[in-house]
Every structure is written in C-alpha cells, then in structure tokens.
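The values are calculated or read from the model by the stated rules, or taken from the named source; none is laboratory data. Predicted, not measured: the structure shown is a model, and the values here were computed from it. Heads up, the Cβs are rebuilt from the backbone with ideal geometry, glycines too, and the neighbour counts pull from every protein chain shown. Only protein heavy atoms, including side chains, enter the accessible area calculation; ligands, DNA and RNA are left aside. Shrake-Rupley method; radii C 1.70, N 1.55, O 1.52, S 1.80 Å.
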Amino acid sequence: MADTGWRNKTSIMEFILLGFGKVPELQILLFPLFLMIYMATVAGNILIVVLVVADQHLHTPMYFFLGNLSGLETCYSSAILPRMLASLLTGDTTISVSTCIAQFYFFASLAATECCLLSAMSYDRYLAVCKPLHYAALMNGRLCLQLAAGSWLSGCLATLIISSLMSQLTFCGPNEIDHFFCDFTPVIKLSCSDTSLILVLDLLLASLCTLFPFLLTVLSYVYIIVTILRIPSTGGRQKAFSTCSSHLIMVTMFYGTIIIVYMLPKSNTLRDLNKMFSVFYSVLTPLINPLIYSLRNKEVKEALGRLIHKCLIFTNIG
C-alpha cells in the first residue's frame, strides 16, 4: 500500500537531459569528437593498467596507485560518455529517474574515490621526497592495499547513502535537466519533496570525501615543496620534483575544475561556462591522465617499449 501511495504522488518517471542544445550541426560534430575521446580514454587507461600489472619494474607503490587510478578513470568516463554518445546518435535525450540516479551514483562514487586516491598518491610522494630513508618501510604493501581499499570503500559507501535518499524523493515537474549527465544539484532542484536532510548529508559527506582529501593533498605538497627548496643542488631539486610533477599536474587540473564548477558563486558568466568545465573534469581529465604519465614519465615509457618489444617477438615467433 505504501508503494502504491508513493507511485500515485509521482508524476514524473523520466527526465530530459538538455545536454548541449538541439542544434543539429553541433550534434554531428560532437558525436565523433566524444567517440574518439572515449575510445582513446579507455585504451590509454587500460594500457597503463596492463603495464603496471605486467612489468615488474613498475611494481612499486606509486605505480600501484596509478594502476588503481587508471582503472577508475576507465569506469569514470564509462559512467557518462556511453549514455551521452547514445543521445547524440539517436536524438533521444530522455532518461528514467532510476537510471538517472544510478548514473549519479557511479559518477559521484568514482569522483569521491578519485579524491581519496589522489590524496593517497600525494602521501606516497610526501614519504618518497621528505622521508626517503624510511620510505620502503613506511609505504609497504599492506599500507598500499589499505589506502587503496579505503579510497574505494569510502567513495562507494558515502555516495550510496545519498543515492538511497535520492531514490526516495518525489519528482513532480518540471523534468528538464540542463546538463549532459545526472549531477546532484540539477536533479535535486527538480524534486518536490523536502530535500533539507539530503542537502545537509551531501554537504557533510562531500566535505569528508572531497574537502578533507584535498586539504591532505595540499598539506603533503606544502611539505614536499619546502623539502625540495632545501635541497642545495639544482640537479637534486629537479630530480626530486620530477618524481611528483605528473601527479601535481593531475591534482591541479582535477581540483581546479571541480572548485570552479561546485564551489564558486553561480554568476551568469560561470553558469554559462559550467558545462564546459564539467566536460573538462569528467571527460577530458580521464583522457589526459595517461598522456601525462606516459609522456612525462621515463619508467612508463621504458615499460611501454619493453611491452612493444615482447609483442613484436611473439608476433615473429607466431
């Protein structure tokens, strides 16, 4: 009976994702563009995972976390891009309420997990630069597994609470979401239920899973930069900085766009640019990450060379 009452109160069973508008010429351009981005993202991140697993030279804490991050980025882009590509191809922009909440869960849980993983990676770089003599003892296999598992669990469980509460909301109209995926704020705005509890919980959990890891990351890099500046030789400073430069670039891009999208006041100018910045952190960042590590990291390039060499030998033998 309770379920029947809930259904009677609900007049909306699906949303309309407005995406990037209804301009046909734009749709024709965006589909091949996002398709190439998605294929390159999946291929690049899976390649990083394969290299980390297959090459013994990369069996270190830094690359263990990188492998986790690359696997996460593959799932992260897959939570958004396939649905977007289907809409661009078919013109069908509708999405059921349950599918929308499910998309939000996968996207948000992976984003929260990425914040925690980036924090774990910054702690790893902090130990490597600031405590090099104790690094091997401190950053052992057990701690690596605990940090990685804690990152995944915290992101998934925190978002599960919010998604469960969202599934209990009633949506009475309007049903248009001015975005290209189901993000928290655009969906909550469409609810005609009391959202005060879910908004408070979202703020609390977002602070724990996003703000707290961000502050830990910033603190780690403050210590890292201070330690690097104290190194007397220029060569020593360059070598120390090279061990964490790729991660620092990745952190800056990820958090920079998130701060613009979610934390800055919603002025008219920023509101118009919101989708562009959302594309950057949700679509382009997973694409750029493997490029940063492959182009700027000597060990990854060497591992790729060894993998290509093995594949050529295997092909010749066959």
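What FRET efficiency, computed as 1/(1 + (r/R0)^6) with R0 = 41 Å and r the Cβ-Cβ distance, is obtained for SER207 and THR90, rounded to the nearest 0.05? Walk me through the numbers on the way to the answer.
Details: r = 39 Å, r/R0 = 0.95.
Between SER207 and THR90 the formula returns 0.60.
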Review point. Quick one: putting +1 on the C-beta of Lys and Arg, -1 on the C-beta of Asp and Glu, what dipole do you get for the chain around its Cα centre, in Debye to the nearest 20?
Key: 960
Check your understanding: Can you count the Lys pairs in the chain whose Cα atoms are under 20 Å apart, with each pair 8 or more apart or on different chains?
Key -> 10
**Study point:** Pair LEU18, SER164: separation of 7 Å Cα→Cβ label points (nm)
**Key:** 3.4
Point to revise | Crossing angle, helix 141-166 versus the chain [Cα axis fit, 0-90 degrees, rounded to tens] | key: 10
Review point. Once the dipole of the chain is set up with Lys and Arg at +1 and Asp and Glu at -1 on Cβ about the Cα centre, which of TYR105, HIS134, MET39 lies farthest towards its positive end?
Key: HIS134
Check your understanding: ³J(HN,Hα) across segment 119-126 via Karplus (A = 6.51, B = -1.76, C = 1.60, θ = phi - 60°), whole Hz, x for Gly/Pro?
Key -> 5, 4, 5, 5, 5, 4, 5, 4
Practice item. Using only the Cα atoms of segment 146-200, build the gyration tensor, take square roots of its eigenvalues as a ≥ b ≥ c, and label the shape rounded, prolate or oblate: rounded if a/c is under 1.5, else prolate if a/b is larger than b/c, else oblate. Key: prolate
Point to revise | VAL222/SER78 FRET efficiency (R0 35 Å; Cβ-Cβ; nearest 0.05) | key: 0.50
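Given only helices, namely DSSP H runs of n ≥ 4 each adding -39500 (n - 2.57), what is the per-residue ellipticity at 222 nm of the chain, to the nearest 500 deg cm²/dmol? Intermediate values should be presented prior to the final figure.
On the way: 15 runs with 232 residues, N = 318.
The helix contribution divided over the chain gives -24000 deg cm²/dmol.
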Review point. In nm, what is the difference between 0.36 nm times the number of residues separating THR234 and GLU25 and their Cα-Cα distance?
Key: 70.0 nm
**Study point:** Size of charge dipole - segment 130-254 - debye, nearest 20, with Cβ of Lys, Arg +1 and Asp, Glu -1, no other charges
**Key:** 940
Study note, to complete from the structure: In whole percent, the fraction of accessible protein surface over the chain that belongs to carbon or sulfur atoms, probe radius 1.4 Å, stands at 71
Exercise for review: For the chain, calculate the relative contact order in percent as a whole number, restricting contacts to Cα pairs under 8 Å that are 6 or more residues apart.
Suggested key: 26
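Taking the Cα centre as origin and putting +1 on Lys and Arg beta-carbons and -1 on Asp and Glu beta-carbons, what dipole magnitude results for segment 62-210, to the nearest 20 debye?
Working: 5 positive and 9 negative charges, 111 e Å.
Roughly 540 debye for segment 62-210.
For segment 236-266, which trypsin sites (Lys or Arg not before Pro) pass both filters: DSSP loop (anything but H, G, I, E, B) and at most 15 other C-beta atoms within 10 Å? Please report the intermediate quantities before stating the final value.
Details: sites: ARG237, LYS239, LYS266; in loops: LYS266.
Answer in residue order: LYS266.
Quote the relative contact order of segment 107-158 in percent (integer), defining contacts as alpha-carbon pairs under 8 Å separated by 6+ residues.
Working: 33 pairs, mean separation 34.6, N = 52.
Rounded, it is 67 percent for segment 107-158.
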**Study point:** Between 0 and 90°, nearest 10: helix 212-229 axis offset from the chain longest Cα axis
**Key:** 30
**Study point:** Per residue accessible area of the chain, 1.4 Å probe, in Å²
**Key:** 52
Study note, to complete from the structure: Note on segment 32-97: alpha-carbon gyration tensor, axes a ≥ b ≥ c; rule is a/c under 1.5 for rounded, else prolate if a/b larger than b/c, else oblate; result prolate
Check your understanding: Fully extended, how many nm does the chain gain between LEU199 and LEU307 (0.36 nm per residue separation, minus their Cα-Cα distance)?
Key -> 34.0 nm
